[in-house]
Amino acid sequence: MELYLVGGAVRDDLLGRSVTERDWVVVGATPDDLLTRGFRPVGKDFPVFLHPETHDEYALARTERKTGPGYHGFHVHATPEVTLEDDLQRRDLTINAMARNAQGQLIDPYHGARDLEGRWLRHVSPAFAEDPVRILRVARFSARYASLGFRVAPETLDLMRTMVASGEVDHLVAERVWAETVRALGEPQPTRFIETLRDCGALARIFPELDQLFGVPQPTAHHPEIDTGVHTLMALTQAVRLGGDVVTRFAVLVHDLGKGTTPPEEWPRHLGHEERGADEVRAFCQRLRVPNMYRELGALTARYHTHCHRALELRPKTLLNVLQGLDALRKPQRFEQFIVACEADARGRLGMEDRDYPQATLMRQVYAAAVDVQARILVEQGLSGLALAEALRRERLAAVTERRRNFNRVVTPTAVDVQEQQEE
């Protein structure tokens, strides 16, 4: 029985990156061999085990044969006769098909080290085309390593296009799509995930709501980049720059889905895109089984982002209505995510990346004013039920009005303050 460190641990070590997880391949063994040594089986589809002490994953060397469409259409063959080279050949990219033996020697039959040096994401063999998840993985690796200069090899991009044309990508299941997407959103350059999918034609099949944004114009005066899809990616870049978490980045990615449903005869204006966008986000999330916290923030950002842009002009009553619509008083973390998403949207425009966004300051201040009004004092006055709710709203409206009145407008409204009224 021989053990080899494989995959990401070898790749990241060669790149000088920290290694957080270690996966191993076992050659010359059977499942019983591992079970007698105390390994715990965890693989449903593949012979994978957890080490009894380190809890690292150990997989028996295996080969796969395509038997049907999609991710599950494989027959797995794992016997002691399967070699390390056989196992590495079934992997997706050459940079993931390297191993180290017990002595630390690099084993690299498919020239992964060379591709690391050349900064190429290149498929190992034609078997790449048998698993549509690999399209998503290549796009995710693009998002992770773009800052290091990595790009998809031309022949790999051609193969991905062939997979899309053949319909293989249509067999992706929602859970795998979302799992790769949410990981990609957490990478340093998540825009590369979308761009890579678009380059191979997969975006239109996997995320048609996003794909249809490209080519949809917006008013040049407020969107010098014009194209809604381009703006969406620029906003996503700003969300990363502003330190937005993965949930916030998702909200930015879907905040303008409503513009993709605007009739062309109404272009470049997009009246009512907020409500349409919220509906699009909810349908998008239902189709891909997206967790609730992503769906809720995404739909609320689509619905209310123009209100945030116009905050310097809104009446106190409207500001309070927005806070209540966002359920901000009960969910402060989500409110902060919303504010960051709106600022990313405002800055995600050509030449406006470093603009001030005083709306964020105002929204945070009126939120603080409203949250300072506590129901406890009113309850102590004997109020309850509808009378309590009405009194609480009056007190909060007064607090918001006062804070709004005292807000120091150091900067006069910028174009973003009024643009949504004109363009949407």
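The values are calculated or read from the model by the stated rules, or taken from the named source; none is laboratory data. Predicted model, so just to flag it, every value in this text is computed and none were measured. Backbone-built Cβ (ideal geometry, glycine too); neighbour counts: all protein chains shown. Accessible surface areas use protein heavy atoms only, side chains included; no ligands, DNA or RNA. Shrake-Rupley method; radii C 1.70, N 1.55, O 1.52, S 1.80 Å.
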Within region 99-119, can one find any residue that is of a type outside the set (Val, Ile, Thr), within 21 Å of Ala146 (Cβ to Cβ), open to solvent by less than 50 Å² (accessible area, probe 1.4 Å) and free of Cβ contacts under 8 Å to residues at least 12 places away in the same chain? yes
Hey, can you tell me all the residues within region 350-378 that are part of a loop (DSSP other than H, G, I, E, B) and more than 26 Å from Thr237 (Cα to Cα)? Val373, Gln374
Listed residues Leu329, Leu397; which is touching a residue at least 24 places away in the same chain (Cβ under 8 Å), part of a loop (DSSP other than H, G, I, E, B) and open to solvent by 30 Å² or more (accessible area, probe 1.4 Å)? Leu329
Tell me which residues, restricted to region 298-324, are more than 24 Å from Arg396 (Cα to Cα), touching a residue at least 40 places away in the same chain (Cβ under 8 Å) and among the aliphatic types (A, V, I, L, M). Ala302
For Pro52, the lone unmet condition from (1) surrounded by fewer than 17 Cβ atoms within 10 Å (Cβ to Cβ); (2) modelled with pLDDT of 90 or more; (3) over 18 Å from Arg37 (Cα atoms) is (3)
Within region 158-179, is even one residue closer than 27 Å to Gly243 by Cα and among the hydroxyl-bearing types (Ser, Thr, Tyr)? no
Could you list, in sequence order, the residues of region 163-172 that are surrounded by 13 or more Cβ atoms within 10 Å (Cβ to Cβ) and part of a helix (DSSP H, G or I)? Met163, Val164, Glu168, Val169, Asp170, His171
All-but-one check, Phe74 against (1) under 22 Å from Val177 (Cβ atoms); (2) at pLDDT 95 or above; (3) of a type outside the set (Asp, Glu), failing number (2)
Which condition does Ala235 not pass, out of (1) in contact (Cβ under 8 Å) with a residue 12 or more places away in the chain; (2) open to solvent by 10 Å² or more (accessible area, probe 1.4 Å); (3) assigned to a helix (DSSP H, G or I); (4) over 19 Å from Met293 (Cβ atoms), if it passes all the others? (2)
What number goes with the only condition from (1) open to solvent by less than 10 Å² (accessible area, probe 1.4 Å); (2) in a helix (DSSP H, G or I) that Gly260 does not pass? (1)
Going by the structure shown, is Ala143 among the small types (Gly, Ala, Ser) and surrounded by fewer than 19 Cβ atoms within 10 Å (Cβ to Cβ)? no
Total residues in region 103-161, condition closer than 23 Å to Trp178 by Cα, of a type in the set (Asp, Glu) and assigned to a helix (DSSP H, G or I): 1
Filtered residues of region 281-308 (kept if within 13 Å of Val254 (Cβ to Cβ) and touching a His at 6+ places or on another chain (Cβ under 9 Å)): Val281, Gly298, Thr301, Ala302, His305
Residue hits (region 282-295; under 16 Å from Leu326 (Cβ atoms) and buried (at least 20 other Cβ atoms within 10 Å of the Cβ)) are Tyr294, Arg295
Select from region 14-39 the residues that are free of Cβ contacts under 8 Å to residues at least 24 places away in the same chain and not in a loop (DSSP other than H, G, I, E, B) and list them in ascending order. Asp32, Leu35
Against the condition closer than 21 Å to Arg355 by Cα, in contact (Cβ under 8 Å) with a residue 60 or more places away in the chain and either touching a strand residue (DSSP E or B) at 6+ places or on another chain (Cβ under 7 Å) or of a type in the set (Gly, Ala, Ser) (or both), how does Ala202 come out, does it pass? no
Of everything in region 265-281 that's part of a helix (DSSP H, G or I) and without any contact (Cβ under 8 Å) to a residue 60 or more places away in the chain, which residue is most open to solvent (accessible area, probe 1.4 Å)? Glu265
Is it the case that Asp345 is surrounded by fewer than 14 Cβ atoms within 10 Å (Cβ to Cβ) and either under 18 Å from the mean Cα position of the chain (by Cα) or modelled with pLDDT of 95 or more (or both)? no
Please name all residue pairs, on different chains or six or more residues apart, with Cβ atoms under 6 Å, provided the first residue is in region 349-369 and is on the phi > 0 side of the Ramachandran plot and the second residue is of a type outside the set (Val, Ile, Thr) and open to solvent by 10 Å² or more (accessible area, probe 1.4 Å). Gly351/Pro224
